[in-house]
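Read the figures in this text as sums done on the coordinates, not as results from a lab. If you're wondering where the values come from, they're calculated on a predicted model, not measured in any experiment. All Cβ positions, even for glycine, are placed from backbone atoms using ideal geometry, and neighbour counts span all protein chains on display.
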2 protein chains.
Amino acid sequence: MKRIAFLLVAVAAMAGVVASMAPTSGQANGEAAPIFGVKIPPGYRDWRLISVAHEEGNLNDLRAILGNDVAIKAYREGNRPFPDVTISARLAWSYVPLEESEKAFGRLQSFVAGPPKNGVQFMVKDSRKYASTGGWGFAQFNDGKPADEAVHNTCFSCHGAVKARDFVFTHYAP
Amino acid sequence: MKRIAFLLVAVAAMAGVVASMAPTSGQANGEAAPIFGVKIPPGYRDWRLISVAHEEGNLNDLRAILGNDVAIKAYREGNRPFPDVTISARLAWSYVPLEESEKAFGRLQSFVAGPPKNGVQFMVKDSRKYASTGGWGFAQFNDGKPADEAVHNTCFSCHGAVKARDFVFTHYAP
C-alpha cells in the first residue's frame, strides 16, 4: 500500500514536471547556439521573475531575468553553486519614455518596456558538460536565431567578474 | 532497493511541491486596504511577468508588473476590457548601480534592483463591486500594511489618463 502511495506521488510529481516543460512561448527546439549547444528552452516566457535591470549606453534597454523552477528555488533558498538544470533567461526591451506620465509630470518620469531589443540570453547549469566555463553554458538568440560564435566567446570572460557568486550577476529581487 | 529509490524520488518530489506551495511572499490574508477592501493576494510573487519599468524623480525605482493567470491570458489575447478576477501586482525596488559593471565599463552602465521600495500595489478587476472606478479596485501596501485612505484616493484619478486602455498603463512586454 505504501509502495503504491509512493508510486502515485512519484508519478504525479513526474506529470507535474512534464507539464511544466510543455512549450508555451513557441520558438522552442530551434537551432542550437554555437560553442555551448544551448537551444531556446520551451516556455521560458512563463518562468518566474528573478529581477529587473536597466542598461545605459549602447544597450539602452530595460530587462528582466526569469528563472525556471530550479533557478527560483536555488535563489530563494540561497543554494550556491546553483544546481544542475538551473536555467535563467534574460529578456530585454527598448527603453521608452511613457508619454502619459511625461504629460502629467511635465518632464520625463516613467520609462517602460518597448519592443524587444538586444536578443534573449540564457545561462544553463550543467557542471559536467560545461566544466571548463564554471559549469555554465551561455546562449544568445536574436529574433529566435543564435548569435554567432564571436558573441558567445565573450560570455564567460565577462561573467568571470562574479566568479565568487557562481558567475551570476543577478541577485534575487524579493 | 527500488522501494528506496521510489522513497527518495517521492520525498524529493514532495519537498519540491511543498516548497513551491509555501507562501513565498508571506503577508497574505492580512489587513485590507481602505476604500477598495483589497487584501494582498497570496502567492503574487510567483505570478508571471507583464512588463518592467523605471521611474525617475522621487520614486527612483525599478519595477515589475506581474499578473495572475487571468491577467496574463487577457494581455496575451488582447481582451479588453480586462475580465473580472484580473489582478496585476506592481513591485518596486531601489534603483542601484551595479558595481561590477561600473568597474568594467569605467562609467555607470547597469542599474539593478536593490531593496524593495515604494510598496507593492495591486489592481483588481471586479466590474460590479468597483463600478464607480472603472471596474478596478486599487491597493497599496507598505511593508505588508495598507497605505492610508489619502493614498488610495489618488489611484483612480491618475489611471483616468488611460481610460481608453481600460485604465491600465502597462502594456505587455513580449
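Taking a ≥ b ≥ c as the square roots of the Cα gyration tensor eigenvalues, with a/c under 1.5 meaning rounded and otherwise prolate when a/b beats b/c, else oblate, which class fits the stretch A:48-129? The shape class here is prolate. A point 7 Å from Cα along Cα→Cβ stands in for B:L59, and the other copies hold the same point at 2.3 nm, listed in rising order.
For the stretch A:49-174, a crude dipole built from +1 on the beta carbon of Lys and Arg and -1 on the beta carbon of Asp and Glu, taken about the Cα centre, is about 400 debye to the nearest 20. What whole number of Å gives the distance from the Cα centroid of the stretch B:82-147 to the Cα centroid of the stretch A:116-174? Cα centroid of the stretch A:116-174 versus Cα centroid of the stretch B:82-147: 28 Å apart.
Over 27 Å between Cα atoms: which of A:K73/B:K163; A:K39/A:K163; A:K117/B:K163; A:K163/B:K103; A:K73/B:K73 fall into that group? Too far apart for the 27 Å limit: A:K73/B:K163; A:K117/B:K163.
Hand me the GluC sites (Glu not before Pro) from the stretch B:38-87 located in a DSSP loop with no more than 16 other Cβ atoms within 10 Å, in residue order please.
B:E56
Taking amide H as placed 1.01 Å from N in the peptide plane, B:I50 has its amide H under 5 Å from the amide H of B:I65, B:L66, B:G67, each at least 5 places away in sequence or on another chain. For peptide B:168-174, the mean count of partner chain Cβ atoms within 10 Å of a residue's Cβ comes to 5. Here A:E100 and A:D126 are evaluated by their C-beta separation; at R0 = 41 Å the FRET efficiency comes out at 0.35.
Placing dummy labels 7 Å off each Cα toward the beta-carbon, the span from B:E56 to B:N142 is 2.5 nm.
Seen through its C-alpha gyration tensor, with square-root eigenvalues sorted a ≥ b ≥ c, the stretch A:38-174 comes out prolate because a/c lies at 1.5 or above while a/b is bigger than b/c. For the stretch B:26-90, the Stokes-Einstein estimate of translational diffusion at 25 °C and a viscosity of 0.890 mPa s comes to 185 µm²/s, using the Kirkwood hydrodynamic radius over alpha-carbon pairs.
Loop-only check: which trypsin sites (Lys or Arg not before Pro) in the stretch A:74-174 are DSSP coil with at most 14 other Cβ within 10 angstrom? Don't skip to the answer; put the middle values down first.
Working: sites: A:R76, A:R90, A:K103, A:R107, A:K117, A:K125, A:R128, A:K129, A:K163, A:R165; in loops: A:R107, A:K117, A:R128, A:K129.
Passing sites in the stretch A:74-174 are A:R107, A:R128.
For B:V38, the residues whose modelled amide H falls within less than 5 Å of its own, excluding neighbours fewer than 5 places apart on the same chain, are B:A33.
Averaged over peptide A:160-167, the number of partner chain Cβ atoms lying within 10 Å of each residue's Cβ comes to 1.
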